[in-house]
Structures are given as C-alpha cells and as structure tokens.
Amino acid sequence: MNNKLTYLDFNEAVKKSLELIVPTTLTQKIPLLEALNKVIAQDIICIKNLPSFNNSAMDGFAVKFEDAGKKLNIKRVIYAGDKDEKILANLQDNECYKIMTGAQVPNDADTIIPIENCLEVTDKTVLIPKDLKKGSNLRIKGEEQKKGNILLKKGEVIRSSHITLLASQGIVMVEVFKDISIAVLSTGDELKEPWEISSEDEIYNCNSYALISLLKEKGFNATYSGVIPDDLNKSKEFISTLKNYDVVITTGGISMGDADFVAQAFLDNGLEPIFHGVNLKPGRPIMMGKMNKTIVFSLPGNPLTAMVNMHLFAIPALKKLQGSSCFYHDVIKAKNKKEFKTKQGRVNIVLGTCENGIFTVTRDNKYGSGMITVLYESNALLVTSKDTSSISEEQEVGVISFNNKLINKQIDIFN
Ligand SMILES: Nc1nc2c(c(=O)[nH]1)N[C@H]1C(S)=C(S)[C@@H](COP(=O)(O)OP(=O)(O)OC[C@H]3O[C@@H](n4cnc5c(N)ncnc54)[C@H](O)[C@@H]3O)O[C@H]1N2
Ligand code: MOO
C-alpha cells in the first residue's frame, strides 16, 4: 500500500461519508412489539381521533355549567366503557351525572367537578361549588389528534413513545425499512477469541464484540464474520466472501505497518475509497469507501479508537443507510470542570463524563488509544476543532452522549 496517508479534513470526511450513502428503500411489515428502534417506512396517518369521544378527566360529577352553586340530584353513575343508553343525554332540571375517569360524557353536560371539590356528597345528591370553570376536566373528541393528521413521519426511529401512538390507533403491524445487513470482522494474528485460551503473547479480540454491541444499542443487527489473517492473499479471499453485505466493518490492519493489508485487500476487491486518513485524534488511519454496492468502514485496531470512530463516523452513516431521517449527532451543553490540553492541528475526540451539566475529562485527557477501561469510565465525547489547544475550567462545552446510563447518586431533578 501507499506508505504515506494524506489526512482529510474532519468536516470534509463527515460530509463525504454521508454523501456516499443512499438510503435503503426495502420495506417489510412487522409486529408492533418488534418495531422498537426500527425506522418507519411510511407516514402514519391518524385513523382514530384522540380521544375518540368526549370523556371525563376526573372521577366526579358531570354538570351543566349554569348549575354552579346548586344542589343537584344524581341522575345515574357513568363508568368508563359504558355506551348506548348508559350515556344518553337526558338531564332534567337540577340533575347531574356521577362520572368516572375515562367515561363518556353525555352531550348535555359541559363541565366536570372532581369529587373532592364537591360539597355535601350523598348517594342521591351533591352540592356543586359556585366557582366553576366551564369545560374543566372535559376531554373533547379529537382535541389531541384528528383523523387525517400525520401522527408519525417516514424516517422516524421508533421509540416507546411511538409504540404508544401506534397502539392507540389499533395498528398491530408496522411498515419499517428492512434491516440493513452488516458484517463485523477483526484483523490480526495476535487475536484470540474470548472463549479461547490466550498466552501472554496474544490478546483477546474485543473490538468485534464491542462494535456488534454498540450497533445493537443503536438498533442494528450485525453478524460477526471472524478474524482476517495478516496475509494479503488470505485477506483478499476473506473479503471477497463479504460482497453480499450492505456494510462491512473491519478493525485493525489499516495503518502503515508491514502487516497492515486491509486497505490493499479491499482495493483488490474493487473498493473505491472516499478517504483513507482523516485529520483526527484518535482515528487518523480510518478508511471508508464502497466495494460494488457494499459500504466499507475500516476502523483502526486500537479498541478505544475503533469505538469512538464507530460512534462518531459510522453510526450516522448507517442511520442514513437504514432510512432514518435523523442521523446527525446532538450535543448536550455542559460546563467543563477541569482544564485540559488537546492536540492542536487535528480534530480531537476527548472522552469524559457528563453528569448534571458538568463535563469531566477522563484521566486528564492523558490516556492512550489502545486502552480499554477508559471507554467504560466515560459517557460522553467532546470534539475539539483543530485550532483548539485547551479547554478551560468553567468553559461551556457541547458534548455527544456516548454510553447512556443512569447515575449512582440522587441529584436535584427539578427546574
Ligand atoms: N508509522 C505509523 N504507525 C502508526 C500510525 C501512523 O500514522 N504511522 N498510526 C497509529 C494509529 S493512530 C493507530 S490507531 C494504529 C492503527 O493501526 P491499525 O488500524 O493498523 O491497527 P493494528 O496495528 O492492527 O492494531 C492496533 C492495536 O490494536 C490492537 N487490536 C487490533 N485489533 C484488535 C481487536 N479486534 N481487539 C483488541 N485489540 C485489537 C492491536 O493488537 C494493536 O495493539 O496504528 C498506529 N501506528
Ligand atoms: O487512531 Mo490512533 O488510535 O489515533 O492513536
């Protein structure tokens, strides 16, 4: 391979990586409870008004507003689920309904008073307070969503809140984009699988398992395809078997060592690279391209580098490929706790923890990209521009959430 990499500007690399991606158009219908994290393939239109009938938001009494301050006879009790004659509007003078939360409100009542706000409540009568607000505690048919409204848009990733809406419409099968197929593999003769015995001269393959899990967290299903040996011909042969995948992700063998054959093996299989080398720390040797119809990401072998580059570069591109319309990283604003230095001239990805609005850099930003524990210790990525040489104490920063987790002490959640 060429023994001098040229390092592409970070923003240019992100732009190129997204431009390369043509979203999938293949769809399938799947059961509602299998739809979590999948991407909706067509707009979902409201087919049932929300709510679909006028109903009570409280257990209490349904009255005519003008009866405020009067003692009323209780005509009947209406329960959630009652229909037909049980919800007939037939109040005579000085009458009201006793009503339960979620029950249909007959058309001749316009205001609900919670039972605890009523005076002198007996089985037969109730004294209504004087100060009523017309329409209070009455949920009107269609006030939340009307038939014909667009409830969910094509390209949205299905979360539990989407499932609530879909179920509320009686939708049990959802049209989503078919899962893209992803192969994950490692490279390196030094690697042993976690279930094998390894000598002091060998290391365990952790990258493949880490990447497959990260992909799973983000809603993708990846297949583990094994380890490519440090041999050009064997690498070529191995890679030639992967051309039916939509995506191939490799780690290692991508830099300048004598055993780094990955780039050449892909090139010999027809890869058209869009970059090999980005002005980034860590992750400088990263490569991306297209091999016929297969998108290829070759991430560096260092575990920390592989994971953060996967998160920063590959996940947005994969989200786009999967048909998602939201594939850019969001940032959370935080205050930096302690000053730290970064390497000027390159974009730096810095690991830290972000808790309660405070970003704390991991190990004073003095860790190596071959380290593994650092990933576990962190839950946020801070990206610096190539002109930045330090981040000062108290500086406001924007960070990308990384390992989502709850925290181990209770903090003030109120605003
Ligand atoms: N002369 C230069 N040398 C290096 C450069 C450079 O620019 N010039 N870049 C360095 C950087 S930056 C990185 S990152 C590494 C990346 O190199 P490779 O992608 O070729 O990765 P390997 O050499 O194969 O492995 C690096 C490191 O990671 C370990 N590894 C690899 N795969 C796994 C795995 N599946 N699980 C756990 N650990 C893995 C491997 O044993 C090495 O220790 O290159 C620098 N060199
Ligand atoms: O990508 Mo390397 O891990 O920059 O050091």
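The values are calculated or read from the model by the stated rules, or taken from the named source; none is laboratory data. Note that the structure is a prediction, hence the values are computed from the model and not measured. A quick note on method: Cβ atoms are made from the backbone with ideal geometry, for glycine too, and the neighbour counts reach across all protein chains shown. These area figures cover heavy atoms from the full protein model, side chains too; ligands, DNA and RNA do not enter into them. Shrake-Rupley method; radii C 1.70, N 1.55, O 1.52, S 1.80 Å.
For region 146-268, with only Lys/Arg (+1) and Asp/Glu (-1) charged at the beta-carbon, what is the dipole magnitude about the Cα centre, in debye rounded to 20?
Numbers: 12 positive and 18 negative charges, 319 e Å.
Using Cβ point charges on Lys, Arg, Asp and Glu, region 146-268 gives about 1540 debye.
When you have a sec, figure out the Kirkwood radius of region 55-139 from all distinct Cα pair distances and drop it here in Å to one decimal?
Numbers: mean 1/r = 0.0820 Å⁻¹.
This gives a value of 12.2 Å.
In the calculated pair distance distribution of region 62-208, what percentage of Cα-Cα distances lie above 22 Å?
Working: 6695 of 10731 pairs.
Roughly 62 percent, once rounded to a whole number.
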Rounded to the nearest 10 Å², the accessible area of residue 120 using a 1.4 Å probe with every protein chain kept is 110
Regression test value, accessible area per residue of the chain, probe 1.4 Å, units Å², expected 52
Given 262-272, 125-135, the highest-first ranking by average Cβ count within 10 Å works out to 262-272, 125-135
Note, region 170-186: 3J(HN,Hα) by Karplus (6.51, -1.76, 1.60, θ = phi - 60°), whole Hz, Gly/Pro = x, goes x, 8, 10, 10, 10, 8, 10, 6, 4, 4, 6, 9, 10, 9, 10, 9, 10
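Only sites in a loop by DSSP and with at most 14 other Cβ atoms within 10 Å count here; which GluC sites (Glu not before Pro) in region 314-391 make the cut? Before the final figure, lay out the partial values.
Values: sites: 339, 355, 377; in loops: 339.
Sites meeting the loop and neighbour criteria: 339.
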Of the candidates 161, 198, 55, the farthest towards the positive dipole end of the chain (Lys/Arg Cβ +1, Asp/Glu Cβ -1, centred on the Cα centre) is 55
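Quickly rank 103-111, 405-413, 11-19, 83-91 as a protection proxy: mean count of other C-beta atoms within 10 Å, highest first. Before the final figure, lay out each step's value.
Working: 103-111: 20.3, 405-413: 7.0, 11-19: 16.1, 83-91: 12.4.
The densest-packed peptide leads the list: 103-111, 11-19, 83-91, 405-413.
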Computed for region 332-401: size of charge dipole around the Cα centre, +1 on C-beta of each Lys and Arg, -1 on C-beta of each Asp and Glu, debye to nearest 20, value 220
With Cα springs under 10 Å, the Gaussian network model of the chain assigns the largest mean-square fluctuation among 398, 148, 283 to 148
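What dipole magnitude, in Debye to the nearest 20, does the chain give about its Cα centre under +1 on Lys/Arg Cβ and -1 on Asp/Glu Cβ? If you can, show how the numbers build up before the last one.
On the way: 50 positive and 50 negative charges, 220 e Å.
It works out to roughly 1060 debye.
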For residue 290, the aspartates and glutamates lying under 16 Å Cα to Cα, once residues fewer than eight places off in the same chain are dropped, come out as 19, 246, 268, 272
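Taking each pair of different alpha-carbon atoms in the chain once, compute 1/r for the pair, average those values, and report the inverse of that mean as the Kirkwood hydrodynamic radius in Å to one decimal. Numbers along the way, then the final one.
Values: mean 1/r = 0.0389 Å⁻¹.
For the chain, inverting the mean 1/r across all distinct Cα pairs yields 25.7 Å.
Can you order the peptides 25-32, 55-62 by their average number of other Cβ atoms within 10 Å per residue, highest first? Show your work: numbers first, answer last.
Details: 25-32: 12.5, 55-62: 21.8.
Going by the mean number of other Cβ atoms within 10 Å, highest first, we get 55-62, 25-32.
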Chymotrypsin sites (Phe, Trp or Tyr not before Pro) in region 287-376 lying in a DSSP loop, each with at most 12 other Cβ atoms within 10 Å of its Cβ, come to 328
In region 246-305, taking the dipole from +1 charges on Lys and Arg beta carbons and -1 charges on Asp and Glu beta carbons about the Cα centre, the listed residue (279, 254, 296) farthest towards the positive end is 279
Using a 1.4 Å probe on heavy atoms of the protein chains only, the accessible area for residue 237 in Å², nearest 10, reads 130
One would report the Cα pair-distance distribution of region 332-401, bin width 5 Å, in %, as 4, 19, 30, 28, 15, 4, 0
Taking Cα atoms only, helix 10-19 is inclined relative to the longest principal axis of the chain by an angle, in degrees rounded to 10, of 70
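Could you list the chymotrypsin sites (Phe, Trp or Tyr not before Pro) in region 175-215 that lie in coil according to DSSP, counting only those with at most 14 other Cβ atoms within 10 Å of their Cβ?
On the way: sites: 177, 195, 204, 209; in loops: 195.
Hits after loop and neighbour filter: 195.
Leaving ligands, DNA and RNA out of it, report the carbon-plus-sulfur percent of the accessible area of the chain at a 1.4 Å probe.
Values: 10810 of 21600 Å².
Summing carbon and sulfur atoms, their accessible area is 50 percent of the total for the chain.
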